[in-house]
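Let me begin by presenting the structure, written as structure tokens, before commenting on it.
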Amino acid sequence: MTMRAWQTPMILLLAGSVIVLISFGLRVNFGLYMDPISSDLGWGRGVFSFAIALQSIVWGITTPLMGYIADRYGPARVLAVGGIFYASGLFVMAQATAPFEATFGIGILTGFAMSMTGFPIVLSVIGRRASPRQRSFYLGLVSAAGSSGQVILVPFGQWMLSNTSHWSVSMMVLALMSAIIVPLSYALSGGNTRAEDDFSNQTFSEAAREASRHRGFKLLVMGYFVCGAQTMFIGAHLPAYLSDLGQPDWMGATALALIGGFNIGGCIVWGLLGNRFSKKKLLALLYFLRAMAMLVFISTPITPLTVIFFTSTIGLLWLGTVPLTTGIVAQIFGTQYMSTLVGITFVSHQIGSFLGIWLGGIVYDNYGTYDPIFYGGIFLGVAAAFVHFPIDERPLPRLAEEAAAAQPAQ
């Protein structure tokens, strides 16, 4: 299916941005529900932590498959089904009374939904329609939209928790909001149309073998593991951590909103920098700064001022990895199987997410503190900085050869 005249880059940018805004904004709300759900249903935090963690692993494992389906048959169908799954999962959670229902609704259904409505699917459409020179910037804009969801939907979620009769009522409202993704998906129909600089005729198996043999691709996968472990631990457990330390209830929602707000600017800036400078070196710098921000945070007394400083700083570094990592994949391998290859890197991200979220709950339930996870995140951040330096981010010679071969036919 080809794209229509009305599907301009701006229309795709707007529709794709709203989709990820809803998808990621609703997901970040789960951190606000950690304490109310666990307390109301008599669960330890490990139960809901496991459901969110399972969501991350299902999200990651199924993302390459959803990316392949989107590359082959178009992203609109994948996005529409994802919207239906999202609404269904939140509805199941709103009715839950037993751990299995939380595991199925949040862990399974919304896990599939996130793989269908997340960055790899939407960014592949934007990446194909953007010119090569502007690609990293456009990817940064859509990544920033995901953080806009934190800014808009997290305070909204906290307001609903505070002003509705029960957490299940606000969960139902979130379910209705997620259904908006279904009609928006139509705007991205035909989004698997070739990019202007895509002359490749690889089969999927050839592309997969090529990526599996590329050392830089393996290092990207390793780095993305750290991204998931750090960000998802903070997103899921920071509100409860602050509550344990005597901070007011509004501070948790404010912290997540500040992360999202500053990440809007951060994604745009990292995307712009990716157009001008080495993406691998920018990624190394980003991971190192993240580790330093976490170290300073847990080394100082926790006050509203230090929380604001930490969340503002970490927000600038939050999802800047997304346009840079996606940009490297497109730069090295081209855009033909962009959704699939980015999806493969995302598996590692979500394995890290699973461990960060789940181990956060386990460590807290057993030791009454999150400090070991914070220190683990610091160590991983420094390690990730070093992992990115050996990456060869030059385009594969195949891309230039295919472009030259296609030139006489143009």
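Note the listed values (i) 69, 42, 32; (ii) 85, 55, 41; (iii) 134, 61, 47, then indicate which one is Cα extents along the principal axes in Å calculated from this particular structure. Read-out from the structure maps to (i). Along region 237-247 the Karplus relation, 6.51 cos²θ - 1.76 cosθ + 1.60 evaluated at θ = phi - 60°, assigns HN-Hα couplings of 10, 4, x, 5, 4, 5, 5, 4, 8, x, 6 Hz to successive residues, with x for each Gly and Pro. Sparse packing (at most 16 other Cβ atoms within 10 Å of the Cβ) combined with a DSSP loop state is found for the following trypsin sites (Lys or Arg not before Pro) in region 90-186: Arg133. Shape summary of region 5-148, radius of gyration then Dmax from alpha carbon positions: 16.4, 55 Å.
Near Leu282: Cβ cut-off under 13 Å, other residues only, Lys/Arg at +1 and Asp/Glu at -1. The net charge is +4. Listed by chain and number, the aspartates and glutamates whose alpha-carbon sits under 17 Å from that of Lys281, ignoring those within fewer than 8 places in the same chain, are Asp392, Glu393.
Using θ = phi - 60° in the Karplus curve 6.51 cos²θ - 1.76 cosθ + 1.60, the 3J(HN,Hα) couplings for region 56-65 round to 4, 6, 5, 3, x, 5, 8, 4, x, 5 Hz; x is entered for Gly and Pro. Computed over the chain, the per-residue total of -39500 (n - 2.57) for DSSP H runs of n ≥ 4 gives a 222 nm mean residue ellipticity of -26000 deg cm²/dmol, rounded to 500. Take every Cα pair under 8 Å whose residues are at least 6 apart in sequence, average their separation, divide by the length of the chain, and the relative contact order is 28 percent.
The mean sequence separation of alpha-carbon pairs under 8 Å and at least six residues apart, normalised by the residue count of region 253-317, gives a relative contact order of 61 percent. Give me the net charge for the shell around Leu188: Cβ to Cβ below 11 angstrom, other residues only, Lys and Arg +1, Asp and Glu -1. Around Leu188, the surrounding residues sum to +3.
Read-outs throughout are calculated quantities, based only on the coordinates presented, and are distinct from any laboratory measurement. Everything numeric in this text was worked out from a predicted model, so none of it was measured. Positions of Cβ are generated from backbone atoms using ideal geometry, with glycine treated the same way; all protein chains shown enter the neighbour counts.
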